[in-house]
Amino acid sequence: MITKSIKQFFMAGLLLCSLAPVFTACVDNDDDVPENYYSSNKLTAAQFLEERPELFSDFVEILKRTPYFSMLSTYGTYSSAGLLKYTVFAPTNDGIQNYMQRMGYPTIESIPLATCDTLARTHIIKKGAFFTTDVDEGAMPELNMDDSYIVLSSDSDVNNNNKIIYYINKTARIVERDDSVINGVVHVLNNTISSSSLLLPDKIAEDSTLTIFAEALKLTGMCDSLMKYLDESYTCGDDSVNTGTMERCTSGSQQYTRTFWVGKRYFKYTAFVEPDSVFNKQGITNIDELIAYAKNIYDQTYPNDAGLYDDAPGCKHNGSDCMLKNRKNPLNRFVSYHLLPRIGQYNSWVVSGTIRERCLDTKLIDPEEYYETMCPGTIMRFAGPASGLFINRRGVGERAERGKFIRGVKVLSPSESGSVDQNAVNGVYHYLDDILAYTPEVRDVVLNRRIRIDATVLSPDFMNCNGRGRFGEDILTGFKNGYISDWKTTKETFVGVHSDVDYWHSYQANAVCVSGLFDVTFKLPPVPAGTYEIRLGYTPGDERGVIQVYFENEPCGIPVDLRVYGGDPSIGAVADTDDEEENIANDKAMHNRGYMKSTDVWHPGGGEDSMRTLSPLRRILTTKNLSEGETYHLRFRQVLDDNQRYWSFDYIELCPKSVYGSPEGEDTH
């Protein structure tokens, strides 16, 4: 296991807690590199490649036709983030020759300069040195310079004592990994990294194992909803992530947090798909049998719509009167429940990797998160137990609580998904091991629970630019006003998603940071109909603000003073004791005042103390009856006339009355 180097940054305005070291993925100390790997404290990545012409002369020649060989020759410059580092995926000469043969280029010189530029950017991550030990399975923490994911998968070599083989994007094998150089790390590949130019519907249609789902995607017209890619209306100048960083000072000139501004705004999507073999196991061998299956499920889930949006008998599904494109048609609901308007690699949906292992008590709860789907009015629950990633699972901590375990549908990892590259230019698809549907059981049992939604998933834009999940540096991803889906902000508002740093007193080690004289409104994800307590999870601090909260523009009581800690008499938090009845009594007293302690499942920095025993709080904003199919909004307005104040937005909870009002009481998780 590689020990992460420690860098310390000074933060104020947008910092969630006191000064502390940051664990990064960059290795600065050669003693930390595994003994069987190359390491040098003298050579840059460019020198490492150039000194091995028998392996890399072709790749070096390509790099020298671009600005990037010079970039990889630099020793880095120091800034608030420390030494600049790179991750280089270097194809061997054989790999480059294979690429040239496939593409019809007789010489390196015959490759167009623009193609050389794309090749170079595809094989370089500019914002960090990432080792194979930094990723269990899935995407690297940062995008490459072409704004695409680098996905790591593995297999065992049966001819070599089952030694682990690593692959990049399924098509390039790592033949030499984790070679540490002074300005980063080099991984040697036997092939070039593939970069698809297909949009997601075309990528799915190209997969011969997905014929039934691909036909359903086309007939319902949902393929047309997955065609956008680049927002041509979006521009970003000198504050762009592509041209550098900006230090946004919020409390004096000596303290700051670095901000990367989104340089390009992308529309991206994820599809969760059943291979034909999965449908076949349920007796579904063609589109008509899938239509019948979808009708059986969704007529139960939506009985008031049963029979109203079906195709006429004998319909060939291609006429002007075809109902499959109606959003209330059962097949349309079936397909659109498989689609999300955001990109998520296998390891992106729930907290994973080192942070999960250090901070989450998995004996109490599965790693979980909730996402709105493209089927109107629906969400899905992701859970990440040790056995993998599941959708709509009911697992750890829930069997005893209400007596029913539901396995859910497993999402296959890259290593379990064969050799097909599942990445499109505007998204990715993942294979499922069972049929996914929004059934009455999902709605009434799986989702009949406290729904805690991390602030960093409340807009697809937070994920589509890799803002959520960025790991290893104390930075913010800044978003321009007017370009945050599902959010409305005033021009005085700054919104930034903080990278994952595990010492933060914050659930999932991240937050959305809102500062200035802000006024923001965002859409709540849909939940099953019922009465809910709507709660705000946040971390108080001396430099926070005071916010007035509104539900559908109706004030939710008096303003929330984010500067007040739990021990204040107005909140009344006291430390837990060995007397459980006393602890329950204190929780009830806090609840009566409109507050709750935070969760006991998250341990910042992997320490003994959980967030329940530290400063984070939950504020009960309001109790409302939420109807199926309705859209609801929360608004937060800074009431202090001080643009240096800010709000560290951790999560929102939507807790049904069946949980907060149950006779046994709500758990502390």
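The values are calculated or read from the model by the stated rules, or taken from the named source; none is laboratory data. Predicted, not measured: the structure shown is a model, and the values here were computed from it. Glycine also receives a Cβ, built like all others from the backbone with ideal geometry; neighbour counts cover every protein chain displayed. The accessibility values were calculated without ligands, DNA or RNA, using every heavy atom of the protein model including side chains. Shrake-Rupley method; radii C 1.70, N 1.55, O 1.52, S 1.80 Å.
Observations on the structure shown:
- Rounded accessible area per residue of the chain, 1.4 Å, Å²: 40
- The calculated 222 nm mean residue ellipticity attributable to helices in the chain amounts to -5000 deg cm²/dmol, summing -39500 (n - 2.57) over DSSP H runs of n ≥ 4 and dividing by all residues.
- In this structure, the amide hydrogen of residue 633, modeled 1.01 Å from its nitrogen in the peptide plane, lies closer than 5 angstrom to those of 524, 552, counting only residues at least 5 positions away or on a different chain.
- Of all DSSP beta bridges in region 526-669, antiparallel share, percent nearest 5: 95
- Note on exposure: 297, 204 ranked by accessible area (1.4 Å probe, complete protein assembly) read 297, 204, with the most exposed listed first.
- Listed values (i) 11; (ii) 18; (iii) 15, entry calculated as percent of Cα pairs over 51 Å apart: (i)
- Residue 591 accessible area, 1.4 Å probe, all protein chains in place, Å² to nearest 10: 60
- Each Lys and Arg Cβ is given +1 and each Asp and Glu Cβ -1; about its Cα centre, region 569-669 then shows a dipole of about 780 debye.
- Dipole-positive endmost among 555, 272, 88 within the chain (Cβ charges, Cα centre): 555
- Across region 133-148, computed HN-Hα scalar couplings (Karplus, 6.51 cos²θ - 1.76 cosθ + 1.60, θ = phi - 60°) run 6, 7, 10, 6, 6, x, 7, 5, x, 10, 6, 6, 6, 9, 6, 10 Hz from first to last residue, x flagging Gly and Pro.
- As a fraction of the 1.4 Å probe accessible area of region 103-202, surface on carbon and sulfur atoms comes out at 47 percent.
- From phi via Karplus (6.51, -1.76, 1.60), per-residue ³J(HN,Hα) for region 455-470 in Hz, x at Gly/Pro: 4, 6, 10, 7, 9, x, 4, 5, 9, 5, 9, 6, x, 6, x, 5
- Taking every protein chain into account, the 1.4 Å probe leaves residue 215 with about 80 Å² of accessible area, to the nearest ten.
- Ranking 411, 164, 233 by how far each Cα lies toward the positive end of the dipole of the chain (charges on Cβ) leaves 233 at the top.
- Taking the DSSP beta bridges with both ends in the chain, the antiparallel portion is around 85 percent.
- Near residue 640, the amide H atoms lying under 5 Å from its own belong to 546; only residues 5 or more places off or on other chains count, and H is placed 1.01 Å from N.
- Highest average packing first - 161-170, 540-549, 86-95, 108-117, Cβ atoms within 10 Å: 86-95, 540-549, 161-170, 108-117
- Remark: spin-label model distance residue 304-residue 416 equals 3.8 nm, labels positioned 7 Å along the Cα→Cβ axis.
- DSSP bridge pairs, region 435-530: antiparallel proportion in percent, nearest 5: 90
- The value of relative contact order for the chain, using C-alpha pairs under 8 Å at least six residues apart, is 13 percent.
- Residues residue 225 and residue 162, FRET efficiency given R0 of 51 Å [Cβ-Cβ distance, rounded to 0.05]: 0.75
- Net charge dipole size for the chain [Lys, Arg +1 and Asp, Glu -1 on Cβ; Debye, nearest 20]: 1220
- Heavy-atom SASA rank of 234, 337 (probe 1.4 Å, accessible area, largest first): 234, 337
- 3J(HN,Hα) from dihedral phi, region 651-667, Karplus parametrisation 6.51/-1.76/1.60, rounded to Hz, x for glycine, proline: 7, 10, 10, 10, 10, x, 4, 4, 9, 5, x, 6, x, 7, x, 7, 6
- Surface accessible to a 1.4 Å probe, residue 565 within the full protein complex, Å²: 100
- Amide H to amide H distances under 5 Å link residue 430 with 271, 272, 273, where only residues 5 or more positions off or on other chains count and H is placed in the peptide plane.
- Simple spin-label estimate for residue 73 and residue 42 in nanometres, 7 Å along Cα-Cβ: 1.9
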